[in-house]
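Participant: Take a look at this one; I'll ask things after.
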Amino acid sequence: MTKRFGERAAAVTAVDTVSFDVERGSIVGLLGPNGAGKTTLIKSILGMVLPDDGSVWIRGVDVHDDPRGAYAHVDAMLEGARNDYWRLTVRENLRYFATVSGVDPDSVVGRHERLLEALELTEKADVAVRDLSRGMKQKVSLASVLAGGAAVVFLDEPTLGLDIESSRTLQRELRRLAEKEGLTVILSSHDMDVVETVCDRVLIMSGGEVVADDTVEELLRGTDRHRVEITSRDLEPGLVSTLERGFDVGRVDRLETGFRIDVTTDSDGFYELMDRLRSEGVTLEGVRTIEPDLEDVFVDLTSREDGGTTRRDGVSP
């Protein structure tokens with residue numbers, strides 16, 4: 001799939017010849033810094049944006065040839081969109097969205113009750129959505145997406161606004177639906193912990209292209225970059241500033257005497273760092289290696305593509 005905006009020399013390629021497939025019953029994370037093309041890709045798949053080239057197949061149905069047939073299997077929860085009717089109660093929303101999906105709501109009452117229980121909404125089932133907290137509204141949005149029994153769902157920042165326990169509840173329910181009912185999920189999020197915990201596979205986009213496509217385990221195994229925490233009373237402000245110019249220094253903590261610094265580097269860089277510290281007469285009081293997580297892999301991959309401008313929060317300046 002390819003999607004451009006603008007014309008001729010001013011044209012910007014938001015999605016650049018991206019291809020992938022998703023197996024039934026899997027949860028796939030879609031990551032990328034702002035401007036990477038994630039939203040355009042999702043909207044192109046959902047038919048909200050018309051791509052310039054490429055095709056989309058959902059459960060064997062070509063979206064171009066039979067959009068109604070293809071999208072009958074799909075639902076989505078998009079960030080920034082009001083996914084529920086706030087004047088309706090929680091239960092009424094589930095019944096309404098099941099009806100919109102072409103399902104008799106009376107035939108899926110049991111499904112709705114399970115969703116309400118799994119997402120801890122039973123006690124609020126007859127309360128108008130407008131009277132709920134932000135986190136509760138987010139859970140109602142997810143329940144509404146799942147109310148009609150869609151086989152494929154797109155979730156954009158599904159844990160946004162949720163407390164830790166609510167986020168874990170949502171993650172458990174997604175895993176259960178994928179494993180027990182064959183639900184297929186494409187999940188876009190900046191919450192790396194959620195992606196690392198719930199996703200079977202991760203696609204990372206940068207500059208409109210897919211720069212990585214693998215399981216979380218393989219992505220973590222494939223990186224040579226690690227974080228090293230170094231503590232020394234011999235570190236002083238001038239030397240710390242020098243190290244920041246020569247190495248990828250993250251967190252810097254001033255201690256009662258000396259500093260503790262966090263450096264991300266590969267094997268060669270680690271040896272260079274040790275040589276530099278030795279030449280400066282620095283005695284190390286503590287060295288701790290921090291194993292890379294998905295955020296480290298994400299930053300490494302996307303900063304390579306955009307010339308190193310991606311910050312550690314995953315947002316390009």
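Participant: Please check which bits of region 225-243 a label hung off S279 would reach, taking the label as a point 7 Å along Cα-to-C-beta and the cut-off as backbone N under 14 Å.
Facilitator: 242-243, by backbone N distance to the label point.
Participant: A further question on this structure: Give the peptides 209-217, 47-55 in descending order of average Cβ contacts within 10 Å, highest first.
Facilitator: Listed from highest to lowest mean packing, they are 209-217, 47-55.
Participant: Still on this model: To the nearest 20 debye, what is the magnitude of the charge dipole of region 119-206 about its Cα centre, counting +1 on the Cβ of each Lys and Arg and -1 on the Cβ of each Asp and Glu?
Facilitator: It works out to roughly 160 debye.
Participant: In angstroms, what radius of gyration and Dmax does region 224-291 have, counting Cα atoms only?
Facilitator: Cα-based Rg and Dmax for region 224-291 come out at 10.8, 33 Å.
Participant: In 20 Å bins starting at 0, how do the alpha-carbon pair distances of the chain split up by percent?
Facilitator: 28, 48, 22, 3
Participant: Take the alpha-carbon positions of region 12-138, form their convex hull, and give its projected area averaged over all directions (one quarter of the hull surface) in nm².
Facilitator: 9.6
Participant: Can you list residues whose amide H is under 5 Å from D52's amide H, if they're 5+ apart or on another chain and H is modeled 1.01 Å from N?
Facilitator: T2, K3, R4
Participant: So what J values fall out for region 106-120 if you push phi through Karplus, 6.51 cos²θ - 1.76 cosθ + 1.60 with θ = phi - 60°, rounded to Hz, Gly and Pro as x?
Facilitator: So the J values, rounded to whole Hz, are 5, 7, 10, 4, x, 4, 5, 5, 5, 5, 4, 5, 5, 9, 6.
Participant: What is the spin-label model distance, in nm, from D234 to E113 if the labels are put 7 Å beyond Cα along the C-beta direction?
Facilitator: It works out to 7.1 nm between the two label points.
Participant: Treat each spin label as a single point 7 Å out from the Cα along the C-beta direction, and report the E7 to R134 distance in nm.
Facilitator: If labels sit at E7 and R134, their model points lie 4.2 nm apart.
Participant: Please go through the residue pairs K3/K137; K43/K139; K137/K180; K3/K180; K43/K124 and name each one whose alpha carbons sit more than 30 Å apart in this structure. Could you put the intermediate results ahead of the total?
Facilitator: Numbers: K3/K137 33 Å; K43/K139 22 Å; K137/K180 25 Å; K3/K180 36 Å; K43/K124 32 Å.
K3/K137; K3/K180; K43/K124, as the Cα separations exceed 30 Å there.
Participant: Still on this structure: Dividing the alpha-carbon Rg of region 15-85 by 2.2 N^0.38 Å yields what?
Facilitator: Numbers: Rg = 12.9 Å, N = 71, 2.2 N^0.38 = 11.1 Å.
Taking N as the residue count of region 15-85, the ratio is 1.16.
Participant: What whole-number distance in Å separates the alpha-carbon centres of region 125-192 and region 240-297?
Facilitator: 40
Participant: Next up: Would you calculate, for the chain, the mean residue ellipticity at 222 nm contributed by helices, counting each DSSP H stretch of 4 or more residues as -39,500 (n - 2.57) and dividing by all residues, to the nearest 500? Present the calculation step by step, with values, prior to reporting the outcome.
Facilitator: Working: 11 runs with 113 residues, N = 317.
Helix contribution divided over all residues of the chain: -10500 deg cm²/dmol.
Participant: In debye, nearest 20, what is the charge dipole magnitude of the chain about its Cα centre with +1 on Lys and Arg Cβ and -1 on Asp and Glu Cβ, if you could check?
Facilitator: Approximately 1000 debye in magnitude.
Throughout, read-outs are computed from the coordinates displayed, never taken from laboratory work. Predicted model only: the values in this text are computed from it and were never measured. Positions of Cβ are backbone-derived with ideal geometry, glycine not excepted, and every protein chain shown enters the neighbour counts.
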